[in-house]
Structure formats: C-alpha cells, structure tokens
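Novice: Sharing a structure with you now.
The values are calculated or read from the model by the stated rules, or taken from the named source; none is laboratory data. Here the structure is a predicted model, which is why all the values come from computation and not from measurement. Quick reminder, even Gly has a Cβ in these numbers, built from the backbone with ideal geometry, and neighbours come from all protein chains shown. Note: accessible area is taken over every heavy atom of the protein model, side chains too, but ligands, DNA and RNA are not part of it. Shrake-Rupley method; radii C 1.70, N 1.55, O 1.52, S 1.80 Å.
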Amino acid sequence: LSAEYRFTSGTDYIKYGYAYYDVNPDWQLQLGINKVPFGNRDFISNSYWFGIPYYLGFEDDHDTGIKAVYEKNGWHTDLAFYKSAEYGPSENKRYSTDIYTGTINGTDYANEETNQFNIRQTYTAEHEGGQTTIGASAQYGQIYNSNLEENGDRYAVALHLDSSYNGWNLQLQAMQYEYDDKEHENTIGVSVVSWQYEIASKGQAYNLNLAKTIPTDWGSVKCYNDFGIMTPDVSDDEFDNSLQNVTGCAISAGPTYTMVDFVMGKNMTFSTANNDHVGLPEMGDSWDKRVNINFGYYF
C-alpha cells in the first residue's frame, strides 16, 4: 500500500492512495488513486509553484483507476485506465487539477471526467556525468455533461526530455490538449486546492527549465529557473497567452527542505492579481510578481 493525505488550513484531501503488486521484477500493477502517467516522469517544474501544465490538469495529477508499470534496461512504460477523478466533479477541495461542475464567473459548467486512457513511453540513457530521459505521452478520455446527458471527448499529447550533467539539469516539454465541452466552445471549468477557474478548452503548453545542484557539507542547494507559456488555440481571437516564470532555490539541510521562489506571472491564475484563468482574454497588460517561501520538516 502507498498513500499520502494532506492537511491544510481549513480543509484536507487525499493526494494518492493505492495498492500495488509486483507481478515480477519488471512489471508492477497499481490500483486506486495513483499518479496519472503524462509528461515528464517526475515533474515539469523544480519549484513549489509547479509549472503551467499543473494548472491545466497535466502535472502531478492523480485519478482513480488501474496502472501497469514496466521498467527494464532503461525502458519505462506506463499503461493506465482511470474511471474518474479522485473526487466528485462539484468538489474543489483537491490536490490536483480536475474538471469542475459548478458556476465560475457567472458561467455554469456541468462536466466531469470519465473513461480516461493513458500511455507513456520513456527511455533513459546513462552517460558520463549523468543521464538523459526522453519520452512521449498520450491521453484520451471522455467528458460527461450532466445537463445534456452525453459525452464529449478530450485528449492530450506531449514530448518531453529530462537531462542531467555534472549537477546541471535541463527539462523540456511541449504538449497539446483539447477539452470538448458540449455546452461551451472556448472554455472549460477546472478546480484545485479549494478554488475553481476557467481555462481555454484547447491550446499548447511549452516548458523550459534549467537547474544547478550544488552539494555542501550540510546538504545541498538547487537553484533553478522554470519558464512556461500556454498558447490558446480557440475560435475567439481575444484569448491571450499565459506565461509564468519562477526563479528560486531549494535548500536541503538534514530533515529540512526550504524553497524560496520569485514568481512572475502574466495572464496566469494564482500568479497574477487580476487574471484568475489560463489562456482567456487578459485583464491589463503587465507581469505580476510575488515571493513564495515554503519550509518543510520531514520526520
């Protein structure tokens, strides 16, 4: 068994919880709320703030279903089927971003995700000074609309790279996604961490992250810059790009782990003051800035 449950100010929710069985040294089965295999195998970010794919529902997502994992000689294969998200569609108290049923900015949404298939293939090559992992991901599922009592489709595809050399790390990812909301042509509602917002129903997201880890006598320091851009691909020409850049350092010392991030956002939910969406028409034309510090003690 493997599980993680989060307690936060005012609420709590499960991150993952599943049973797993090692069929043989190469194959493992996971049943329950497990991590959706899409994109870079770990994260497509270094910071506490995550990357833009997280806010679209494609980074560190966990849903309810079954997954088979194969790993041998550098090859890693994930095959998965998810019947639903970890919570119901009207719940916004959740760890990862999922489709939402409810009212957002005066617009009513009646969608929930169901019948999702995922496949991801990566290959890791060891080389002097580090290793490089390249891969591709594909996701297809349905969107059930309770008002119309019919299903729409959704899909996403991605190419990704994660390479390390002498303490340096480079992450690249390019992805395209589309949510077919039968009631709304250009937007769909999603929710995460006790909040709900709208995103463009179709678009691309690109990530470029660079990090350097410096070992010390008392632990290590990893400094990084994570850049992401989302480009909407809908019929409304007024929809704008969303951008986010996070510069920071993660300091590991004994049982403590501290992340200090300088976050810059433009037309991006959580990162900006007046643009609580991803890829919709921008309010204003400026970069917002904030500092975020996270301190963790592990025992």
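Novice: Taking only protein heavy atoms into account and a 1.4 Å probe, give the accessible area per residue of the chain in Å².
Specialist: Averaged over the residues of the chain, the accessible area is 47 Å².
Novice: Here is a follow-up. For Thr103 and Gln121, calculate 0.36 nm times their separation in residues minus their Cα-Cα distance, and state this gained length in nm to one decimal.
Specialist: The Thr103-Gln121 span can extend by a further 2.7 nm.
Novice: Under a plain spin-label model, where a point goes 7 Å from the Cα along Cα-to-Cβ, how far apart in nm are Trp27 and Ser220?
Specialist: The modelled label-to-label distance comes out at 3.4 nm.
Novice: Further question: Report the Cα centroid-to-centroid distance between the range 1-63 and the range 253-282 in angstrom, as an integer.
Specialist: Answer, in whole Å: 20.
Novice: If you split all Cα-Cα distances of the range 108-204 into 10 Å bins from zero, what percentages do you get per bin, shortest first?
Specialist: Spelled out per bin, shortest first, that is 14, 34, 26, 16, 8, 1.
Novice: Pick from Asn34, Asn274, Asn209 the residue whose mean-square fluctuation is largest in a GNM of the chain, springs joining Cα atoms under 10 Å.
Specialist: Highest fluctuation among the options: Asn274.
Novice: Still on this model: Which whole number in µm²/s is D for the range 130-181 by Stokes-Einstein, with the Kirkwood Rh taken over Cα pairs at 4 °C and 1.567 mPa s?
Specialist: 98 µm²/s
Novice: OK, next. Just need the Rg to Rh number for the range 74-116, please, alpha carbons only, Kirkwood Rh.
Specialist: Rg/Rh for the range 74-116 comes to 1.14.
Novice: Follow-up. Taking each pair of distinct Cα atoms in the range 165-215 once, what is the resulting Kirkwood hydrodynamic radius in Å?
Specialist: Taking every pair of different Cα atoms in the range 165-215, averaging 1/r and inverting gives 13.9 Å.
Novice: Sort 234-244, 118-128, 61-71 for me by packing, meaning the mean count of neighbouring Cβ atoms within 10 Å per residue, highest on top.
Specialist: Highest mean packing first, the order is 61-71, 234-244, 118-128.
Novice: Okay, next question. By how many nm would the segment from Phe262 to Thr132 grow when fully extended, if each residue of separation counts as 0.36 nm and the alpha-carbon distance is taken off?
Specialist: Value of the extension gain: 44.0 nm.
Novice: What length, rounded to one decimal in nm, is gained on full extension from Asn294 through to Ala174, with 0.36 nm per residue of separation minus their alpha-carbon distance?
Specialist: Full-extension gain reported as 40.4 nm.
Novice: Carbon-plus-sulfur fraction of the accessible area of the range 17-114, 1.4 Å probe, in percent?
Specialist: Carbon-and-sulfur percentage of accessible area, whole number: 53.
Novice: Under the √(5λ) rule applied to the eigenvalues of the Cα gyration tensor, what semi-axes describe the equivalent ellipsoid of the range 1-151? Give them in Å, descending.
Specialist: Taking √(5λ) for each eigenvalue gives 29, 18, 16 Å, largest first.
Novice: Among all the lysines, which ones have a C-alpha under 23 Å from Lys83's C-alpha, if same-chain residues fewer than 8 places away are not counted?
Specialist: Lys15, Lys35, Lys67, Lys93, Lys182, Lys202
Novice: Can you tell me the order of 50-59, 251-260 when each peptide is scored by its average per-residue count of other Cβ atoms within 10 angstrom, highest first?
Specialist: Ranked from most to least packed, the peptides come out as 50-59, 251-260.
Novice: Find the relative contact order for the range 208-299 and round it to a whole percent, using C-alpha pairs within less than 8 Å whose residues are 6+ positions apart.
Specialist: About 24 percent, as a whole number.
Novice: Determine the order of Ile188, Ile134, Ile33 by accessible area, beginning with the largest, at a probe radius of 1.4 Å.
Specialist: The residues order as Ile134, Ile33, Ile188, largest area first.
Novice: With the full set of protein chains in place, find how many percent of the accessible area of the range 152-205 is carbon and sulfur; take the probe as 1.4 Å.
Specialist: 54 percent
Novice: Same structure, new question: Using only Cα atoms, locate the centre of the range 79-112 and the centre of the range 175-209, then give the distance between them in Å, rounded to an integer.
Specialist: 12 Å
Novice: Does the range 74-145 come out rounded, prolate or oblate by the C-alpha gyration tensor, with a ≥ b ≥ c the root eigenvalues, rounded set by a/c under 1.5 and, if not, prolate when a/b is larger than b/c and oblate if not?
Specialist: Note, shape of the range 74-145 comes out prolate.
Novice: How do the peptides 279-291, 35-47 rank, highest first, by the average count of neighbouring beta carbon atoms within 10 Å per residue?
Specialist: The most tightly packed comes first, giving 35-47, 279-291.
Novice: If you place +1 on the Cβ of every Lys and Arg and -1 on the Cβ of every Asp and Glu, how big does the dipole about the Cα centre of the range 56-154 come out, in debye to the nearest 20?
Specialist: So the dipole magnitude of the range 56-154 works out to roughly 180 debye.
Novice: Expressed as cubic angstrom per residue, what is the convex hull volume of the alpha carbon set of the chain?
Specialist: Cα-based convex hull of the chain, divided per residue, equals 135 Å³.
Novice: How long are the semi-axes of the equivalent ellipsoid of the range 13-89, taking √(5λ) for every eigenvalue λ of the Cα gyration tensor, in whole Å from largest down?
Specialist: Each semi-axis is the square root of five times an eigenvalue, giving 22, 17, 10 Å.
Novice: Which value does Rg/Rh take for the range 158-299 over its C-alpha atoms, Rh per Kirkwood?
Specialist: Rg divided by Rh gives 1.04.
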